[in-house]
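J.: One structure coming up, written as structure tokens, with questions to follow.
The values are calculated or read from the model by the stated rules, or taken from the named source; none is laboratory data. Keep in mind that what you see is a predicted model, and the values were worked out from it rather than measured. Here the Cβ is made from the backbone with ideal geometry for all residues, glycine too, and neighbour counts use every protein chain on show. In case anyone asks, the SASA skips ligands and DNA or RNA and just uses the protein heavy atoms, side chains included. Shrake-Rupley method; radii C 1.70, N 1.55, O 1.52, S 1.80 Å.
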Amino acid sequence: MEVRYGFCFNDYMVQARLTSFCVLFITALNLYAAAIHPAVLSLNREDVSLHLFAEAPDIVTPVGMVVDSRGRLYVIESHTHQRPDKYAGPESDRVKIFEDLNRDGRADRITIFAEGFYAAMNLVLTPKGELLLVHRNGVMWLQDNNQDDRADKVTELLRLQTEERYPHNGLGGAILSEDGWLYVGMGENLGRSYTLTGSDGKEIRGGGEGGNVFRCRVDGSGLERYATGFWNPFAFAFGKNGELFTVDNDPDSRPPCRLLHVIRHGDYGYQFRYGRSGLHPFVSWNGEIPGTLGMVAGTGEAPSGMLNLNLAGWGGEDSNALLVTGWGDNTLELFRLTQKGASFSSQKVILIQGDKSFRPVAIATQTRASATADAPIYITDWADQEYSVHKKGRIWSLGKNGKIPEIQSEPTAAAMTLTQLQHDPQRFGFDRLLLLATNMDAFISSAAIHALSAPEHHPDLRRALSHTNDAIRLAAVLALRRGDYKEPSTIVLALLTDPSVTVRQMALTWAAEKQLPDLEGDLARALELPPVTPALFKVYLAARELMKPQTEEKSVWAQGSSGDQLLLGILNDSHASIELQRLALLTIEDIDSDTVLKSLEKAVGSTNESLKIAAVRALAFSKNEKAGRLLWQVASNQTAGPGLRGDAIAGLAHFPKSTGTNLFSLLEEREPVVATEAARTVRTLALADEQFLKKLEQFKKTTMLRQAALDQLQMLITPAVAHQPGEDSQWMRAAQQQGDAGRGRRVFFNPLTSCSKCHSVEGRGGKIGPDLSTIGRGSDRVKLAHSILEPSRDIGPLYVSHQITLKDGGELTGLILNRGSEYLEMETGTGSAQRIPVKQIEREKASEFSLMPAGLETTMTPNDFSDLISYLLSLR
């Protein structure tokens, strides 16, 4: 079912006494607005319906919402979220009450309940009907003592003190449990230090650990950190048996966004101190690191609201399903929860798919106790991809036809064990707790490890480190580390040579976290025993980097490690595994030095194909002409494998002096990979050198080329678009074709497409855009194709380009990396941050266009496009 809506004036406005001219004017204006801002929604179930409840100008840029016992909507109307210059709206955020008095499905009475807020995010109703408002830097209790639908008293319950002001990575999501606990989510806060203070004066300090879930009593007392390791837990819901769920709003370079089952003291893996991208070896996203917890399911981009359909009376398979709003993907996603041990699994089903103007945020309904049988679900709609406030907005009403009885479900035995561990761990003795800490169920293991982390268990844990069972030793390490054992150096030193590779990995992590300077020279012991896995090697390099003396410059993990001498030693060690040598090749930074090139030359001559390919791919990033000569040796070697030759030929696009017209001979080869890559590289060089292009034209007149080469060289003919799809729909069909990931990698790193100028994969490439090393985890062909064809359709908030005008008339465009009181740091495409004194800035404007240029598809053939999509999908 497809439904179309546009912005229109409310019925009561049309019913006013207007002249015929005014009626015509409003009708024309209404039609114009509908034409430029359509809302096209596809409903994927016949038993649901969607209606427009309210819209602009009555509601603009709405975010959080709740529904009271009388069916009235309390909605936050944002006017401060990245407020643009000369914005002609209220100075502060508001809370509005919407009522449908005549029961026709449209709001007909609107009241301003409260105003005066900055970066207001969410609302919570207490059982007494009192309203709590969450804003970026606190939680407020809004009281209406004289019952006139206007707040007359505001009481601060929680206060967040921090220098960071970015709107939606502070306090955001909130929910109240039946037993009186208020759960509040806090985003990563860009790693800034903070203090969160409750109404009773209790403080929690932090910074750099990532996002958190806190809880306190409904009056703001008893504040505690409930769980950690999130990016931005922006919305909450409870399961049928009281389980807490959240959606993590953004993963930066580690998709997908996460639907998470939140347990007390749980660690969900993300730490901002190790870089925004989430790709550092000390960071996990789906329970990859021991002691961290994984996701229930991956969600669409920017999940912002969540509701358990049991609250709305939906039965059958939906009686324990979560409905999630996907702001970035324009969707309403349905997740039916399936019990899996102590936790859950789920797969998403898209209930509603909208066009790019459908931007759902909050979702709410009446509580079961007060709702009527047909109580609707309400959804706030930001109505535009623009992050700044923009005077557009909607509220939707979602209904369901027919009622299906609720399916009853009981907690599993594992879930009951988890509950006991969290509420009464003392009932378990040390030996039982240690056994539970080795449980294959990560949620049971996590709860048991936390119980063991108490100081009274530390002596027994020390003895457990000598146990013959690897899992027992690992559990003891994790518990001591979580319990902040005061003198870990002696323990960690012994663990660096533990038979278990996982124990060694956690010992390295512990040493780096605690910055144990006396162990800096001993870290390499962790690599002395086999096996040396990729995970262990990456953790070792990261630990070595983090433990550099403070006087030494430290680099971000995604930019590689500076320990090239160590890496060369591994590369030239005949006893090192091929995988370890390959990882060393991928990590070396200084590819231009003669010493490194000599080692790469040795690797190119290896008998192992994967090592040779890694060496050839590394050479492509050198600026030394010797690298170009090595690449030509491989490219022209007809006995080498086609994939290896293809990578070498692709790398020659960076070395015109080393190849010249020699490449022409490769255009005639029978091997399609060689001919295609030679033609692509020739095309790259021809576009940069007019004389080279003339020589190519002369060569083509005397040579019969194969189709594989012609497809690429045709792109040099003007206009190139004559040989390409003319519409996005045709490109989308090309994207659906199964391509070759190996060829796609060469498309990605080719200078013509320029993908690698801004994006990195496995540490190689630019740093302006998100790292794409795991992009395939949260994407499909359609989503990836749209991101190339329409780069400005959805821009992550931290990747929005800004235009800076200086007082001397100069202009700069780039990404804002950091805002200080005196300086603004900006990435302008040079690869390093530029510091701009704030006093020199005349004005600043966020751009509606992505830094990623439009029209990249015109540099590719349809086959190239399909291959590129296949390569991106392979990155997991």
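J.: Cα extents of segment 279-343 along the three principal axes, largest first, in whole Å?
T.: On the principal axes, segment 279-343 reaches 43, 31, 13 Å in Cα extent.
J.: With labels modelled as points extended 7 Å from the Cα through the Cβ direction, what inter-label distance (nm, one decimal) is found for E46 paired with S221?
T.: Simple spin-label model gives 5.7 nm for this pair.
J.: Taking just the alpha-carbon atoms of segment 383-515, what radius of gyration and Dmax come out, in angstrom?
T.: 22.7, 66
J.: Percent of alpha carbon pairs in segment 90-190 separated by more than 15 Å?
T.: Summing the P(r) of segment 90-190 above 15 Å gives 66 percent of all pairs.
J.: Can you give me the relative contact order of the chain as a percent, contacts being Cα pairs under 8 Å and 6 or more apart?
T.: Relative contact order, the chain: 7 percent.
J.: Can I ask one more? If each residue of separation counts as 0.36 nm, what is the full-extension length gain between I350 and N401 once their alpha-carbon separation is subtracted?
T.: Taking I350 through N401 to full extension adds about 16.6 nm, to one decimal.
J.: Would you compute, for the Cα atoms of the chain, the largest minus smallest coordinate along each principal axis and list the three values in descending order, in whole Å?
T.: 86, 83, 59
J.: Moving to a separate point now. Apply the Debye scattering formula to segment 202-323, with a single equal point scatterer on each alpha-carbon and no solvent, then give log10 I(q)/I(0) at q = 0.09 Å⁻¹.
T.: -0.26
J.: Just flag the chymotrypsin sites (Phe, Trp or Tyr not before Pro) in segment 794-876 sitting in loop per DSSP whose Cβ has no more than 15 other Cβ atoms within 10 Å.
T.: F849
J.: When all alpha-carbon pairs of segment 123-246 are counted, what percent fall beyond 27 Å?
T.: Counting pairs separated by more than 27 Å, the tail of P(r) holds 15 percent.
J.: Sticking with this structure for a sec: Got a number for carbon plus sulfur as a percent of segment 710-809's accessible area, 1.4 Å probe?
T.: Heavy-atom surface of segment 710-809 belonging to carbon and sulfur, 1.4 Å probe: 51 percent.
J.: Over segment 376-445, with every protein chain in place, what whole percent of the accessible area is carbon and sulfur at 1.4 Å, could you tell me?
T.: The value for segment 376-445 is 55 percent carbon and sulfur by accessible area.
J.: Now a separate question. Hey, can you rank 96-108, 692-704 by average C-beta count inside 10 Å, highest first?
T.: Packing proxy ranking, top to bottom: 96-108, 692-704.
J.: Using Cα-only point scatterers and the Debye equation, what is log10 of I(q)/I(0) for segment 807-876 at each q in 0.12, 0.20, 0.24 Å⁻¹, rounded to two decimals?
T.: -0.53, -0.89, -1.10
J.: Turning to a different aspect of this structure: Let me know the Rg and Dmax you get for segment 35-103 when you use only its Cα atoms, in Å.
T.: Rg then Dmax for segment 35-103, in Å: 15.1, 45.
J.: Determine, from the Cβ-Cβ distance of T639 and K807 and an R0 of 51 Å, the FRET efficiency 1/(1 + (r/R0)^6), rounded to the nearest 0.05.
T.: 0.20
J.: Rolling a 1.4 angstrom probe over the protein heavy atoms, how many square angstrom per residue are accessible across segment 361-479?
T.: Heavy-atom accessible area per residue stands at 46 Å².
J.: Would you list, by chain and number, the lysines whose Cα falls below 17 Å from the Cα of K700, excluding same-chain residues fewer than 8 positions away?
T.: none
J.: Which value, in Å to one decimal place, does the Kirkwood hydrodynamic radius take for segment 175-267 when every pair of different Cα atoms is included?
T.: Evaluated over segment 175-267, this radius sits at 13.6 Å.
J.: Now a separate question. So for the pair A833, D460, with labels modelled 7 Å out along Cα→Cβ, what separation do we get in nm?
T.: The answer from the label model is 4.7 nm.
J.: How compact is segment 583-712 by the rule of thumb for globular proteins, expressed as Cα Rg over 2.2 N^0.38 Å?
T.: Scaled against compact globular proteins, the figure is 1.06.
J.: May I pose another question? Using a simple charge model, +1 on the beta-carbon of Lys and Arg, -1 on the beta-carbon of Asp and Glu, nothing else, what dipole does the chain show about its Cα centre, in debye to the nearest 20?
T.: The calculation lands at about 1040 debye.
J.: To continue, here is another question. What FRET efficiency, computed as 1/(1 + (r/R0)^6) with R0 = 22 Å and r the Cβ-Cβ distance, is obtained for N572 and A524, rounded to the nearest 0.05?
T.: With R0 = 22 Å, the Cβ-Cβ based efficiency is 0.90.
J.: Round to a whole number: what % of the accessible area of segment 108-153 belongs to carbon and sulfur, probe 1.4 Å?
T.: About 47 percent, which is the carbon plus sulfur part of the accessible surface.
J.: Need the list of lysines near K400 for cross-linking: C-alpha distance under 21 angstrom, and skip anything on the same chain fewer than eight residues off.
T.: Straight-distance partners of K400: K240, K348.
J.: Provide the per residue accessible area, probe 1.4 Å, for segment 746-876, rounded to a whole number of square angstrom.
T.: That works out to 46 Å² per residue.
J.: Please give the FRET efficiency for R670 paired with S787, using the beta carbon to beta carbon distance and R0 = 25 Å, rounded to the nearest 0.05.
T.: Once the sixth-power term is evaluated, E becomes 0.10.
J.: If you don't mind, another one. For segment 189-205, list residues with backbone N below 19 Å from a point placed 7 Å from the Cα of D484 toward its Cβ?
T.: Once the point is set 7 Å along Cα→Cβ of D484, 192-198, 202-205 turn out to lie under 19 Å by backbone N, inside segment 189-205.
J.: Can I ask one more? Applying a 10 Å radius around every beta-carbon, put 413-425, 671-683 in order of their mean neighbour count, most first.
T.: The most tightly packed comes first, giving 671-683, 413-425.
J.: Okay, moving on. Suppose we take every Cα in segment 692-849 and form the convex hull; what volume per residue is that in Å³?
T.: Given the Cα convex hull of segment 692-849, per-residue volume reads 179 Å³.
J.: Could you give the spread of the C-alpha atoms of segment 429-504 along their three principal axes, from largest to smallest, in whole angstroms?
T.: Extents along the principal axes: 28, 24, 17 Å.
J.: Taking the solvent-accessible surface of protein heavy atoms with a 1.4 Å probe, what is the per residue accessible area of segment 54-196 in Å²?
T.: Accessible area per residue: 40 Å².
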